[in-house]
Amino acid sequence: MSKNLNIVIAGLGTVGTASIKLIEKNKDIFSIKSNLNIKILGIFAKNKSKSRSFKKNRYKWYDDPFKMIDQYNVDTVVELIGGEKGVAKDICYYALKKKKNLITANKALLAHEGYNMAKIAEENKVKIGFEASVAGGIPIISTLKRSFKGIKINKITGILNGTSNFILSNMLDEKNEFKTSLKKAQKLGYAEQKPENDLNGLDTLHKILILSGIAFNKQIDLKKVAFSGIKNLTKADIFFADRLGYRIKPLGIGCFEKSKLRLIVAPFLISKKKELANVNNNLNAIIINANKNNKNILIGEGAGGDPTSISVVSDLINLHSNDENEFMYGSSHKKLKKINPSNFFLNNNSFFIRAKIYDKPGAIAAISTILKNFSISIKSLFQEQTNKKLFNIVILTHKCKKKSMDSATTKLNTCHFLKEKAVIMQVLHV
């Protein structure tokens, strides 16, 4: 006989709706494979009148999510509203303090509050499932916590934002400018109407911080990590990188080397011959480097209702199929040491430079001198005229120190012949 699993769901957007439909569709599978009968005892959303693609009258609607949680027989609260503040945060903390298991896709809240939430969950002997918070339907959280339990992880490299990856892929494939590709992403449902956190790198930062906390058993201060996104890139950058044999990819990277945690979030150039360079459109991909030379790659849909709902339901099954107390980060919050991350790689890297400059005598020589003064040598250089007054100069450097490049960039951007700040990106060898 199947065991009843009683849940309530707060948030009925794309993921919440897809999760309910998946639960309705797969009842027989849950019973056969996991001996569970998932019962939805209540639903809540900010807008009750909004039309939704499931039959709302099948479930009890609550205008007050806290009364919904207070039902004595609720086992698990599913929070799919999102956001680091407001009702989503209140629901998560309330559920844990009421000794209810919690499942959430709220990466912003987890990045800011995850360690405190882990502490409260342990004190109240409940569990937190958050597979849906990173990379949609890719089972990266469970992979890190279970498949790599007892294995030393050296580095995690990921394309973790499907919106940015789609935009960069579309700019290359259809020769679109940034704004045109963004509008297409919004039309297809790959980008929100206000996608600022996707485009500036903050979404990727939240996700790589969550993964790094699990992989390296560290408590990381979000405020200590610099990040950048793709919003300043142009079609010219995409095609110049292509001419040099590279693709531009939005990456989050976490690595632990020589007792330092390094977290970097930025667009990188990757050789077209490498795996990540060929992960396109709205797909996500994560490379886990473990032990000495072991490399594992996970690829899949990183956003959207259907893939993310799989992670939500997977958490429901896993939390209640495993009787053992599972710590949120794979180990007790007491064992997670605080650490201030660095924003620099230990090793040197090559850099891509694109500068739009006015057609003035000596401009290229001046740029070359600036690089030389900071011990940066040029591997390749070419220029392309955009109109009678302006041209792009594109440089690929030999490997050099990031600090040297930062200093050179500051000097370069003061030059009177630059029309706008230069675009600088690292070349990643993965």
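The values are calculated or read from the model by the stated rules, or taken from the named source; none is laboratory data. As the structure is a computational prediction, the values presented were derived from the model and not from experiment. Cβ sites come from the backbone with ideal geometry, for glycine too, and all protein chains shown count toward neighbours.
Residue check: S375 meets all listed conditions (1) surrounded by 13 or more Cβ atoms within 10 Å (Cβ to Cβ); (2) at pLDDT 95 or above but one, namely (1).
Check the stretch 279-292 and report whether any residue there is assigned to a helix (DSSP H, G or I) and outside the structural domain of S375 (by TED's automatic domain parsing). No, because not a single residue in the stretch 279-292 is assigned to a helix (DSSP H, G or I) and outside the structural domain of S375 (by TED's automatic domain parsing).
Exactly one residue out of K46, K99, K50, K85 is within 15 Å of N6 (Cβ to Cβ), within 31 Å of the chain's Cα centre (by Cα) and assigned to a loop (DSSP other than H, G, I, E, B): that is K99.
Looking at the stretch 115-124, can you tell me whether even one residue there is over 25 Å from C255 (Cα atoms) and of a type in the set (A, V, I, L, M, F, W, C)? The answer is yes, given that some residue of the stretch 115-124 is over 25 Å from C255 (Cα atoms) and of a type in the set (A, V, I, L, M, F, W, C). Can we say D90 is surrounded by 13 or more Cβ atoms within 10 Å (Cβ to Cβ), over 27 Å from the mean Cα position of the chain (by Cα), among the acidic types (D, E) and under 25 Å from F327 (Cβ atoms)? Answer is no for this residue. Residues considered: S53, S2, S34. Of these, the only one that is touching a residue at least 12 places away in the same chain (Cβ under 8 Å) and buried (at least 16 other Cβ atoms within 10 Å of the Cβ) is S34. Restricted to the stretch 302-329, and to residues there that are modelled with pLDDT under 90 and touching a Leu at 6+ places or on another chain (Cβ under 7 Å), the residue that is surrounded by the fewest Cβ atoms within 10 Å (Cβ to Cβ) is H320. Residue count for the stretch 149-164 satisfying the condition of being outside any loop (DSSP other than H, G, I, E, B), touching a Gly at 6+ places or on another chain (Cβ under 8 Å) and not hydroxyl-bearing (S, T, Y): 5.
Per this entry, L244 is counted among residues that are assigned by TED's automatic domain parsing to the domain that holds N165, farther than 20 Å from I141 by Cβ and either surrounded by fewer than 22 Cβ atoms within 10 Å (Cβ to Cβ) or at pLDDT below 95 (or both). Residues of the stretch 53-82 that are touching a Ser or Thr at 6+ places or on another chain (Cβ under 8 Å), of a type outside the set (S, T, Y) and part of a loop (DSSP other than H, G, I, E, B): F54, L80.
Go through the stretch 335-359 and report how many residues are of a type in the set (D, E, K, R) and free of Cβ contacts under 8 Å to residues at least 60 places away in the same chain. Within the stretch 335-359, residues that are of a type in the set (D, E, K, R) and free of Cβ contacts under 8 Å to residues at least 60 places away in the same chain number 1. Does K27 fit the bill of being touching a residue at least 12 places away in the same chain (Cβ under 8 Å), assigned by TED's automatic domain parsing to the domain that holds V313 and of a type in the set (D, E, K, R)? It is false that K27 is touching a residue at least 12 places away in the same chain (Cβ under 8 Å), assigned by TED's automatic domain parsing to the domain that holds V313 and of a type in the set (D, E, K, R). For the stretch 238-268, filtering for residues that are in contact (Cβ under 8 Å) with a residue 12 or more places away in the chain and under 22 Å from N217 (Cβ atoms) leaves 13. Quick one: I214 ticks every box in (1) surrounded by 23 or more Cβ atoms within 10 Å (Cβ to Cβ); (2) touching a strand residue (DSSP E or B) at 6+ places or on another chain (Cβ under 7 Å) except a single one, so which number is it? Every listed condition holds for I214 apart from (2). Residues considered: I156, I128, I91, I140. Of these, the only one that is within 22 Å of I339 (Cα to Cα), out of contact with any Phe, Trp or Tyr (no Cβ under 7 Å at 6 or more places or on another chain) and not small (G, A, S) is I156.
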